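These notes are about the structure you will find just below.
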Amino acid sequence: MRLMDTTKHGSGLNLALKFFPFAIILELPLYLLVLIGIIRYTLAKTRPVLWREKYPSVSCTITCYSEGRDVIKTILSLAYQEYPGFIQIIPVIDGALQNANTLSAALSCIQEVNKLPNRRLQVIPKWQRGGRVSSLNTGLMFATGEIIMALDGDTSFDNDMIQNATQHFDDPNVIGVAGCLRVRNRDKSLTTIFQNIEYMLSIAAGKTGLSEFDVVNNISGAFGVFRTSFIRITGGWDAGTAEDLDMTLRIKQHFGRHSRLRIVFDPMAIGHTDVPVTFKDFIKQRWRWDGDLFYIFIRKYRYNIRPKLLGWKNFFFILYSGLIQQILMPFIITFYTVALFILFDTGVIVGLLMFIYCVYLIALLILFIFYIIGISERISQDIKYLPFLLLYPFFAFITRVNSAFAIIQEIFIGTHYDSAMAPWWVLRKTKF
């Protein structure tokens, strides 16, 4: 029986207030850390930019599988970069026999690219399908640049991307740079609009704030920049899924012994990618992404999350951001929501949900304003999505609940073995 009388209603309300405010309190430290970081970044932008004396050579490894002629946009956006240094462009065509259209499209760019000064296009057909990690390691074998970029075949880039990304490697302690991804097909549907807001707030704003404290949580697989020598020392990319988070954690395992090493995020090193248009495809994508989080943190690296390897700062941040925020929080939110509807009457439910909605909406508005003022380089484009923030808390809630189901699937059936990032015969042979 639901709590209806005055006495029970009062005690029920007090009990209810222990539910979602607890989740809000858990998220508050991360929120404040990001806001303070954005302020620091904004103030630092007023400092004079030092003239560069060196432009390191860059190898751009592009993992290609079934992109077709879209790969041409990626190749040419790299070839026509406003960067005086040498750029080697390496499209690796995975399963080139069945992806003849992608191979043909990449080969058609050779003459145009190679006539440009300081540019070289080297197309690598990989006839046996081996997956994304196999393509990255193949590209690493051919890479001659001091800096290597791991890029998706359907991602294009602003023409100052390499200039912005490579400047951080003037600091010898910088090992990797996380690039900023924008949604190219942002206005295709309501689903892409919400993902566009998510990319602005979680990637551009979130990682900018985290970078100021040297706790960048992940270098995106679609757009990662690394010091080539260091990647070779680590042995390249490891087989399995979620290779981006995998590589990020492997890099951070050197931070305990070498405390000055850094991973940075640059919101001005910008790539453009397409996101799922339909809600069904979005849910399927997040099943893979969120399930892979459990696979990486719990199955593969549970014994490596130690301060001796990561350093105390990254150790605590991974515990908080990775294990609590990404693994535990979806279950807290899901279970509390179910309990709320079971235990309390309609008035309590509506009142509490409205309170939670208002808190999250205010937090989103503040973060969005900070992003527009301090980070966005396309203010007129981004500001038009402000009205959609009214609905965004519902989208965020659905993604959290979906994440809980994705993790459950990974726990019981090992869904990372069914990833489209590699064929089953590759994934089934991995240690984890």
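Numbers at a glance
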| read-out | value |
| --- | --- |
| Karplus 3J(HN,Hα) series, Hz, for segment 230-238 with 6.51 cos²θ - 1.76 cosθ + 1.60 (x for Gly, Pro) | 6, 5, 5, 4, 6, x, x, 7, 9 |
| Table column - 3J(HN,Hα) (Hz), segment 25-32, Karplus curve with 6.51, -1.76, 1.60, x for Gly and Pro | 5, 5, 8, 4, x, 5, 4, 5 |
| Sorted largest first, extent of segment 128-198 alpha carbons per principal axis (Å) | 42, 38, 20 |
| Stretchable slack from Asn185 to Asp345, in nm (0.36 nm times residue separation minus alpha-carbon distance) | 53.4 nm |
| Amide H contacts under 5 Å for Ile93, placed H, 5+ residues apart | Ile124, Lys126 |
| Backbone HN-Hα couplings from phi across segment 369-377 [Karplus 6.51/-1.76/1.60, Hz, Gly and Pro as x] | 5, 4, 5, 4, 6, x, 10, 4, 9 |
| Approximate shape of the chain as ellipsoid semi-axes (Cα gyration tensor, √5λ), whole Å, largest first | 39, 24, 22 |
| Added length on full extension, which subtracts the Cα-Cα distance from 0.36 nm per residue, Leu43 to Ser108 | 18.9 nm |
| Rounded to 5, the percent of DSSP beta bridges in the chain classed as antiparallel | 25 percent |
| Segment 102-133: trypsin sites (Lys or Arg not before Pro) in DSSP loop, at most 16 other beta carbons within 10 Å | Lys115 |
| For segment 376-416: rounded, prolate or oblate by the Cα gyration tensor [a/c cutoff 1.5] | oblate |
| More than 19 Å apart - percent of Cα-Cα pairs taken over segment 310-408 | 60 percent |
| Neighbour-count ranking [beta-carbon atoms within 10 angstrom, fewest first] of Ser403, Ser376 | Ser376, Ser403 |
| Segment Asn304-Leu390, length gained on full extension (0.36 nm per residue, minus Cα span) | 26.9 nm |
| 15 Å beta-carbon shell around Thr191, net charge (K/R +1, D/E -1) | +2 |
| On Cα atoms only, tilt of 6-16 relative to the major axis of the chain in degrees | 20 degrees |
| Degrees between helix 279-294 axis and first principal axis of the chain (Cα, 0 to 90, nearest 10) | 90 degrees |
| Cα-based helix-to-principal-axis angle, 132-142 vs the chain, degrees rounded to 10 | 30 degrees |
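Here, each number is a calculation from the coordinates, and none is a lab measurement. Quantities reported herein were computed from a predicted structural model and do not represent experimental measurements. Cβ atoms come from the backbone with ideal geometry, glycine included; neighbour counts cover every protein chain shown.
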